[in-house]
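Derivation of every value follows stated rules applied to the coordinates shown; laboratory data play no part. A quick note: this is a predicted structure, and the numbers were derived from the prediction, not measured. No Cβ is skipped: glycine too gets one built from the backbone with ideal geometry, and neighbour counts run over all protein chains shown.
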Amino acid sequence: MTQPITKRELREQARRERKAREAALERRQKTRRLGLWVALPLVAVAVVAVAAYYLYSPSTSSTSSVPLVVGQQVPDEGRTHVPEGTAIDYQAHPPASGSHYPVWSTYGLHEEPVAAGYWVHNLEHGSVVILYNCPSDCADLKSRLKNDFATFPKDKYGDVKLVIVPDQTIAPNQVVTLAWDYKLELPTYDRDQLLGFYNAHVDRGPEDIR
């Protein structure tokens with residue numbers, strides 16, 4: 001015959017059930033806290049990654065509304081290093097690849113001609129070169145090109161990878177812009193075309209170097 005449950009036993013059973021509920025609640029809270037501590041660093045990393053992308057990606061800069069401009073493909077002429085001063089016979093004019101000197105040109109606008117052997121090396125590094133035809137005083141054109149260097153998006157290394165060089169042999173074009181194996185000829189200066197070409201090709205040379 002089953003013995004009746006005493007009040008003491010009922011209280012003890014209620015106490016065990018309460019403790020079991022409290023333990024289950026504590027386990028759920030610990031799981032939530034652990035999940036939060038795991039999630040917070042991941043969220044922080046994601047926020048930093050998104051911020052870096054928007055800060056340093058050329059395609060998401062304030063000038064990203066300009067459509068990409070691929071330009072005309074030019075046959076590849078290799079990329080052999082030759083001693084400085086060596087005469088280089090390029091098949092394409094102006095060249096968009098080929099042999100070049102071990103030293104490359106500095107970024108920015110040059111007011112004196114720079115031998116192609118230097119800036120072709122820049123192209124190899126994923127830079128964009130702008131050649132401008134300036135047979136006489138062209139202060140307005142140079143001012144616009146300087147502004148391009150100051151305002152075009154920085155590449156992933158934090159540089160505006162533009163080399164801007166005078167070259168009267170590109171006539172009748174006023175401007176020709178080059179990337180590795182690509183060129184764009186412009187009868188007159190066109191900022192949107194230059195920017196679209198730059199965004200399409202910067203950091204896309206055969207060598208990933210600053």
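Okay, here's what the table says:
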read-out: Cleavage-rule hits (trypsin sites (Lys or Arg not before Pro)) in segment 146-192: DSSP loop, at most 15 neighbouring Cβ within 10 angstrom; value: 154, 156
read-out: Protection-proxy order for peptides 163-174, 102-113, 75-86, each taking the mean of Cβ atoms within 10 Å per residue, highest first; value: 163-174, 102-113, 75-86
read-out: In segment 114-210, the chymotrypsin sites (Phe, Trp or Tyr not before Pro) that fall in loop regions by DSSP, at most 14 other Cβ within 10 Å; value: 157
read-out: Share antiparallel - DSSP beta bridges, segment 68-201, percent rounded to 5; value: 60
read-out: Partners for residue 183 among lysines (Cα-Cα distance below 21 Å; same-chain residues under 8 apart left out); value: 142, 146, 154, 161
read-out: Potential extension, residue 208-residue 70 segment - 0.36 nm per residue separation minus Cα distance; value: 47.7 nm
read-out: Gain in span if fully extended, residue 115 to residue 33, counting 0.36 nm per residue against the direct Cα distance; value: 23.1 nm
read-out: Hits among aspartates and glutamates - C-alpha to C-alpha of residue 156 under 15 Å, sequence gap 8 or more where chains match; value: 203, 207, 208
read-out: Counted charge near residue 175, where neighbours are those whose Cβ lies closer than 9 Å (Asp, Glu -1; Lys, Arg +1); value: -2
read-out: Potential lengthening between residue 156 and residue 20 on full extension [0.36 nm per residue; Cα-Cα distance subtracted]; value: 43.3 nm
read-out: Inter-label distance, nm, simple model (7 Å from Cα along the C-beta direction), residue 91/residue 192; value: 3.5
